[in-house]
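The values are calculated or read from the model by the stated rules, or taken from the named source; none is laboratory data. Since the model is a prediction, treat every value here as computed from it, not as a measurement. Positions of Cβ are generated from backbone atoms using ideal geometry, with glycine treated the same way; all protein chains shown enter the neighbour counts. Accessible surface areas use protein heavy atoms only, side chains included; no ligands, DNA or RNA. Shrake-Rupley method; radii C 1.70, N 1.55, O 1.52, S 1.80 Å.
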Amino acid sequence: MAGHFEALPRGGAAVALDEVEIAILRSLAVQLLELIGPGDEPAEDADPLAALFAEGPSEPPADPALARLFPEAYASEESDELRAKSAEFRRFTENDLRARKRTDALAVVHGLDALSPKGDGGAVLKLTAEDSQHWLGALNDLRLTIGTRLEITDEDESGELYRLPDDDPRKPMVMAYLWLGVLQETLIETLMP
């Protein structure tokens, strides 16, 4: 189980994590929460129906990582009409998408905080099927964010980032990106029937 998720007999998944892995995952999830930003919580006396239909931003985020997490619905450079449709779609969907991404990242933080360390400082994280879905979303968002910061593209066939020397400042993030990929892939495998 070390280093990858395994399916649990009655659903869900488990992974053994050492204290360094726990700290790294928690730190990355907290940074993701900071990047996504706080939610707009309605006031206690606010109309719940009005909160349900609250409008979000209509412009894409300037930060490339946020733009990757909250992409345009339509290829906006094509025409003014498509830009207007993208803005309209974003206005009515981004708040919900941000809330879901916050929920996913918080599930990671709460799951890690609830661990009971063993004698060596590590622990076995056990997730329910529902928690697995939140973790899967957060792992995906973390990989998208790190991949954007590292400027990894789908067309990046050379694999030059994967052969960086140890003294390259990008090396730790590349290693985190690859490790998160293994966690994500093995978690997906546990969810398949």
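The share of accessible area on the chain that comes from carbon and sulfur is 55 percent, using a 1.4 angstrom probe. Summing Lys and Arg as +1 and Asp and Glu as -1 over all other residues whose Cβ lies under 15 Å from the Cβ of P117 gives a net charge of -2.
Relative to the longest principal axis of the Cα atoms of the chain, helix 19-36 runs at roughly 0 degrees. Work out which trypsin sites (Lys or Arg not before Pro) in the chain are exposed loop sites (DSSP not H, G, I, E or B, at most 12 other Cβ within 10 Å) and give the longest gap free of them. The longest such stretch corresponds to 11-117. Of all lysines in the structure, the ones whose alpha carbon falls short of 22 Å from that of K118, not counting any fewer than 8 places away in one chain, are K126. Over all other residues within a Cβ to Cβ distance under 12 Å of E19, the charged ones net out to -1, with Lys and Arg as +1 and Asp and Glu as -1.
Extending 7 Å from Cα along the Cβ direction at E81 and again at L106 yields two label points whose distance is 4.1 nm. The local environment of V182, defined by Cβ-Cβ distances under 14 Å, has a net charge of -3 under the rule Lys, Arg +1 and Asp, Glu -1. Across D166, D63, D141, mean-square fluctuation computed from a Gaussian network of the chain (C-alpha pairs under 10 Å connected) peaks at D166.
Based on DSSP H segments of at least four residues, each scored -39500 (n - 2.57), the chain has a per-residue ellipticity at 222 nm of -18500 deg cm²/dmol.
Take segment 153-193 with all the other protein chains still there, run a 1.4 Å probe, and you get 70 Å² of accessible area per residue.
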